[in-house]
Every structure is written in structure tokens, then in C-alpha cells.
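Take a look at the structure below.
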Amino acid sequence: QVVELCNQRRILVDLSHASKNTFWGAIEVHSSNVPPIVSHTGIQAVYDHWRNIDDDQIREIADRGGVIGIMYQGSFLTRSAFNCPRSCILDHAEHVIDLVGEDFVAIGTDYDGMIVPPVDLVDVTHHPLLVQDALDRGWSADRVRKMLGLNYLRVVKAARE
């Protein structure tokens with residue numbers, strides 16, 4: 001009922017903290033008129049963690065026009081939570097891109113004081129380094145802009161229409 005009410009009011013439903021059963025239950029009743037999001041998560045195929053989403057979930061979010069934000073919590077990105085490099089964020093993002101395309105991935109920082117971010121991306125002042133890393137991997141400037149915010153803006157616009 002909550003998902004349906006949010007959809008009626010054009011409120012984005014964030015499935016970041018949903019278990020797999022809750023994710024699929026929410027998707028089952030989710031309107032096709034409002035894209036669902038996963039605002040901050042890791043990708044299970046890159047690093048197997050109970051909190052990360054799998055390829056079927058990624059495809060479902062993309063098929064519905066949503067967006068997946070890559071989390072900065074080191075323990076969701078790699079085995080070495082306290083020694084996680086920022087490159088892990090791009091590894092997770094690239095899996096989404098390879099699977100469903102560049103229109104469905106974003107950064108999902110979750111800088112809320114409760115996470116252990118990559119050792120070389122401790123706050124937003126280090127984002128230019130992440131951008132340079134993406135460019136060094138051969139990402140186009142358009143792809144970088146999509147990841148940094150344009151994909152989220154597309155989803156917000158779709159929810160408001």
C-alpha cells in the first residue's frame with residue numbers, strides 16, 4: 001500500500017534498504033508511470049555482499065527507467081572495507097553500464113557520517129579525482145555527467161510528469 005500511495009503521489013520509491021523479497025514485492029505493485037530507484041548500493045556481481053543488488057534487480061530498475069546509485073561504503077564494494085580505493089566505485093558502475101547501459105547508473109554517496117568511504121574519496125572535495133579516474137578509463141564526458149547527476153535528474157523529471 002505504501003508503494004502504491006507513493007506512486008499515486010509521484011513520490012520516488014527507493015529500494016536501497018529492501019531485502020530481495022521486499023524489492024520484488026515492491027516491484028510487483030510499482031506503477032510503470034514512476035521509475036523506481038536504488039539510491040545507494042553495491043553490485044553483487046562485482047562484490048558479493050548481502051546488501052548489494054544482483055543482475056536481475058539491475059535489469060528490472062533499468063527496464064522501468066530508474067537509476068542505481070553506487071554506494072561509497074567500503075564494505076559493500078570490496079573485502080577490505082578500511083582500505084577500499086575509489087576505483088571500486090567505478091568497477092561497480094561499469095558492471096551496471098555493461099549490463100544495461102550508461103543511462104541507469106549514478107553515484108550514491110551516502111555521506112551521512114555512518115559509512116566508511118574509500119580511503120581516497122573521504123568527502124566531496126575529492127570527486128574531481130573520481131571524475132579523472134573515469135576519464136582515464138575511457139569514459140566520455142557525457143557518461144561522466146550522467147553518472148554525476150543527469151541520470152538522477154532524468155528520473156526526477158519522469159516522476160514529476
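The values are calculated or read from the model by the stated rules, or taken from the named source; none is laboratory data. Keep in mind that what you see is a predicted model, and the values were worked out from it rather than measured. Ideal geometry is used to build each Cβ from the backbone, glycine not excepted, and the neighbour counts take in all protein chains shown. Surface areas here come from the heavy atoms of the whole protein model, side chains and all, with no ligands, DNA or RNA. Shrake-Rupley method; radii C 1.70, N 1.55, O 1.52, S 1.80 Å.
Counting each DSSP H run of 4 or more residues in the chain as -39500 (n - 2.57), what helix-only mean residue ellipticity at 222 nm follows after dividing by all residues, to the nearest 500 deg cm²/dmol?
-12000 deg cm²/dmol
Taking H placed 1.01 Å from N in the peptide plane, check which residues at least 5 places from Thr41 or on another chain put their amide H under 5 Å from its amide H.
Close amide H contacts, sequence-distant or interchain: Gly69, Ile70, Met71.
Distance between Cα centroids, segment 1-44 to segment 65-84: provide it in whole Å.
20
Using the crude model of +1 on Lys and Arg Cβ and -1 on Asp and Glu Cβ, and no other charge, please compute the dipole size for segment 1-151 relative to its Cα centre, in debye to 20.
Values: 12 positive and 21 negative charges, 56 e Å.
So the magnitude is around 260 debye.
With a 1.4 Å probe and every protein chain left in place, tell me how much accessible area Lys157 has, in Å² to the nearest 10.
About 130 Å², ignoring ligands and nucleic acids.
Protein chains only, probe 1.4 Å: how do Phe23, Phe82 rank by accessible area, largest first? Spell out each step's value before the answer.
Working: Phe23 0, Phe82 165 Å².
Largest accessible area first, the residues go Phe82, Phe23.
What figure, in Å² to the nearest 10, do you get for the accessible area of Ser19 with a 1.4 Å probe and non-protein molecules left out?
60
Return the Rg/Rh ratio of segment 21-117 with Cα-based radii and a Kirkwood Rh.
Details: Rg = 13.1 Å, Rh = 13.5 Å.
Rg/Rh: 0.97.
Per residue of segment 65-74, in order, report the coupling 6.51 cos²θ - 1.76 cosθ + 1.60 (Karplus, θ = phi - 60°) as ³J(HN,Hα) in whole Hz, putting x for Gly and Pro.
These are the phi-based 3J(HN,Hα) values: x, x, 9, 10, x, 7, 5, 9, 6, x Hz.
Let me spell out the model: positive unit charges on the Cβ of Lys and Arg, negative unit charges on the Cβ of Asp and Glu, origin at the Cα centre of segment 56-135. What dipole size does that give, in debye rounded to 20?
Using Cβ point charges on Lys, Arg, Asp and Glu, segment 56-135 gives about 180 debye.
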